[in-house]
Amino acid sequence: MRYLFRSGSIGIQELEWHLFSIIFLIGAAYTLKHDEHVRLDIFYKSKFLTDQHRVWIDVFGSIFILIPFCLLIIISAWPFVSQAYIHNEASPDPGGLPLRWLIKCMIPAGFCLVLIQGIAETIKKLTLALDKSQ
């Protein structure tokens, strides 16, 4: 719009990155659910690892990396979000979007979804690992 019609909107530009952020924050849990997340496939997909090894790598990664990281982000983002809410933070740009705290509250919400999905995946992998070991 800026180049073609010589008209632009700061609010529309901000809405673009707000929606982009929400898509990534919500999409992370969905990606984890469908096992499409990024991992170091050089080792994970090697022919030297059995399926049992891969399951235990997933369990270890979830318990010692994913779950603590999600808890760290949720706990550390909470004051950030609450301060934005208390001060009714809005865009500093003229014509920008109000209620910036809404986008900030998606940070702990998105990581809560990843945490829940991570716990579900860990339970699923643990039952799979324990069933195969018996």
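PHE111 - would you say it is among the aromatic types (Phe, Trp, Tyr) and either within 30 Å of GLY8 (Cβ to Cβ) or surrounded by fewer than 16 Cβ atoms within 10 Å (Cβ to Cβ) (or both)?
no
Restricting the first residue to the stretch 57-68 and requiring it to be touching a residue at least 40 places away in the same chain (Cβ under 8 Å) and among the small types (Gly, Ala, Ser), which pairs with a second residue that is assigned to a helix (DSSP H, G or I) and buried (at least 18 other Cβ atoms within 10 Å of the Cβ) meet a Cβ separation below 7 Å and a spacing of at least six or different chains?
Final answer for the pair search is SER62/GLY118; SER62/GLU121; SER62/THR122.
Just to be sure before I move on: is ARG39 free of Cβ contacts under 8 Å to residues at least 24 places away in the same chain, at positive phi and basic (Lys, Arg) in the structure I sent?
no
Can you run down the residue pairs with Cβ atoms below 9 Å, 6 or more apart or on separate chains, where the first is in the stretch 72-99 and free of Cβ contacts under 8 Å to residues at least 24 places away in the same chain and the partner is among the polar types (S, T, N, Q) and surrounded by fewer than 14 Cβ atoms within 10 Å (Cβ to Cβ)?
Hits for this filter: GLU89/GLN83; PRO98/ASN88; LEU99/ASN88.
Go through the stretch 56-107 and report how many residues are under 30 Å from ALA129 (Cα atoms), surrounded by 16 or more Cβ atoms within 10 Å (Cβ to Cβ), of a type in the set (Val, Ile, Thr) and out of contact with any Phe, Trp or Tyr (no Cβ under 8 Å at 6 or more places or on another chain).
Qualifying residue count for the region: 2.
Identify, please: which residue in the stretch 19-51 is at pLDDT below 90 and surrounded by 12 or more Cβ atoms within 10 Å (Cβ to Cβ) and is, among those, farthest from LYS124 (Cα to Cα)?
PHE43
Under 8 Å by Cβ, and 6 or more places apart or on different chains, what pairs join a residue from the stretch 110-134 that is under 14 Å from PHE60 (Cα atoms) and touching a residue at least 60 places away in the same chain (Cβ under 8 Å) with one that is surrounded by 15 or more Cβ atoms within 10 Å (Cβ to Cβ) and hydroxyl-bearing (Ser, Thr, Tyr)?
Note: pairs meeting the criteria are GLY118/SER62; GLU121/SER62; THR122/SER62; LYS125/SER62.
The values are calculated or read from the model by the stated rules, or taken from the named source; none is laboratory data. All values reported here derive from a predicted model rather than from experimental measurement. Methodologically, a virtual Cβ is constructed for each residue, glycine included, from the backbone with ideal geometry; neighbour enumeration extends over all protein chains shown.
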